[in-house]
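The values are calculated or read from the model by the stated rules, or taken from the named source; none is laboratory data. Remember, predicted model here, so these are calculated numbers, not experimental data. When we count neighbours, we look across all protein chains shown, and the Cβ atoms used for this are built from the backbone with ideal geometry, even at glycine.
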Amino acid sequence: MVRARHRLRGRAAAALAPAEPRHHYRSAITAQRTGEIDRALRALERTVELDPAYGPAWRRLALWRVDTGDVEGARAAVARAMPLLRGVTDAHVVRVRVELLADDAERAVEAAREAFRIDADDPYVRLVLGEALRRAGRSDEAAPHLAAGQNSTPRFTDPWSVDVARLRNRDADLATEGTRLEKEGRFAEALAAFEKVLARRPDDSNMLHRKGAALLGLGRNEDALEHLEAAHRTLPGDYDIALTRVRARRALNRMGDALTAADALAARWPDNVQGRVVVGQLRADAGRLEPARETLRRATRLDPRDTRARIVLGRLLAQNRRFAEAVEVLETGLESAPQAPPLAYYRLLLAAQSYAGLPETRIQATYARAVAAHGDAAQSLLQKR
């Protein structure tokens with residue numbers, strides 16, 4: 001799933017402004033991170049076509065061509081990089097990689113010595129120099145360089161890559177803030193945050209999902225479903241997107257579609273409690289009492305501590321005048337819940353106990369637990385039975 005989201009972000013970056021080399025550069029970096037080296041190379045080739053004066057792009061292109069075994073392509077790219085990266089080691093270090101790939105150890109030593117002349121304190125330069133000397137058969141000369149560069153990594157100069165990381169971090173902060181606002185029920189503010197991210201990454205499935213959920217919270221159900229369908233098409237295996245998509249169809253009263261989607265959800269993720277609750281509620285809304293009851297009972301078995309499943313099941317049973325069953329489900333939940341259930345839970349239980357004709361002492365015991373858990377807020381529960 002994460003890999004798919006990276007792919008979308010890279011493609012979205014390039015789609016935003018097809019003549020802007022930095023967007024293609026970002027697309028190349030994200031593609032390379034997900035192992036799509038062919039797409040990364042195409043994006044990088046488009047980058048240098050649009051801005052042939054950006055040396056780090058040529059250096060990166062040379063390095064990636066080394067990774068694909070393209071010696072001549074790598075040599076051509078590093079030759080373009082070298083005059084653009086005067087005074088830094090980057091192109092010389094990559095040239096070492098190119099010459100070692102071509103099995104030309106003497107040329108590799110020549111390139112490594114030039115890098116060492118520029119920056120003798122860089123441990124990675126020491127490492128590539130040691131490797132070139134070792135491959136040239138000069139093991140004694142190579143040993144101190146290999147020791148000095150052990151476990152080092154290259155420190156290439158790349159301002160555009162820094163920009164990519166900065167934008168990625170800014171978008172991540174916005175997404176986190178939007179998610180926090182959404183959880184607090186501040187859907188309009190959350191929507192604004194998600195839209196800022198989507199302005200730069202219009203095909204980001206995670207942001208399409210979050211925007212759809214925020215729109216759902218605002219009652220803009222048609223718009224919500226449109227965004228959720230787009231996210232689901234890209235990531236049909238994402239559970240959270242599938243679940244929110246079901247909720248949107250239910251909000252639009254498209255019960256047939258919602259049930260179909262819910263049944264698919266339950267089949268694909270049979271042990272997910274939240275999904276079972278949604279499916280059970282939908283089946284109940286459609287008048288399918290026994291399938292709904294079994295779905296919700298399975299949810300309570302999967303996680304006996306989950307009060308949401310018990311509330312939905314208890315309400316379903318009470319609505320169908322199966323008060324004793326509702327009492328059994330809800331009282332069992334009181335003992336297994338890790339903390340006091342919400343006030344609505346006690347209200348439902350007290351009503352079920354009353355309609356089931358249970359002794360007043362048992363009803364009063366439930367009322368006492370509600371008061372102990374919720375204080376003054378529970379005082380009116382007996383009057384509302």
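General observations
- Scanning the range 210-248 for residues that are among the basic types (Lys, Arg) and either surrounded by fewer than 19 Cβ atoms within 10 Å (Cβ to Cβ) or touching a Ser or Thr at 6+ places or on another chain (Cβ under 9 Å) (or both) yields a count of 3.
- Among the residues of the range 201-209, at least one is at pLDDT 90 or above and either within 26 Å of residue 253 (Cα to Cα) or surrounded by fewer than 21 Cβ atoms within 10 Å (Cβ to Cβ) (or both).
- Qualifying residues in the range 29-48 (those that are among the acidic types (Asp, Glu) and touching a helix residue (DSSP H, G or I) at 6+ places or on another chain (Cβ under 8 Å)) - the one surrounded by the fewest Cβ atoms within 10 Å (Cβ to Cβ): 45
- Cβ-Cβ under 6 Å pairs, at least 6 apart or on other chains, the range 61-78 side more than 13 Å from residue 100 (Cβ to Cβ) and modelled with pLDDT of 95 or more, far side in a helix (DSSP H, G or I) and among the polar types (S, T, N, Q): none
- Members of the range 38-84 found to be among the hydrophobic types (A, V, I, L, M, F, W, C) and closer than 16 Å to residue 26 by Cα, listed by number: 40, 41, 43, 44, 48, 50, 57, 58, 61, 64
- Evaluation of residue 307 against the conditions (1) over 27 Å from residue 263 (Cα atoms); (2) in contact with a Pro (Cβ under 7 Å, 6 or more places away or on another chain) shows that the sole unmet condition is (1).
- Any hit, the range 57-79, residues being among the hydroxyl-bearing types (Ser, Thr, Tyr) and in contact with a His (Cβ under 6 Å, 6 or more places away or on another chain): no
- The range 234-267: number of residues that are under 15 Å from the mean Cα position of the chain (by Cα), part of a helix (DSSP H, G or I) and of a type in the set (A, V, I, L, M): 2
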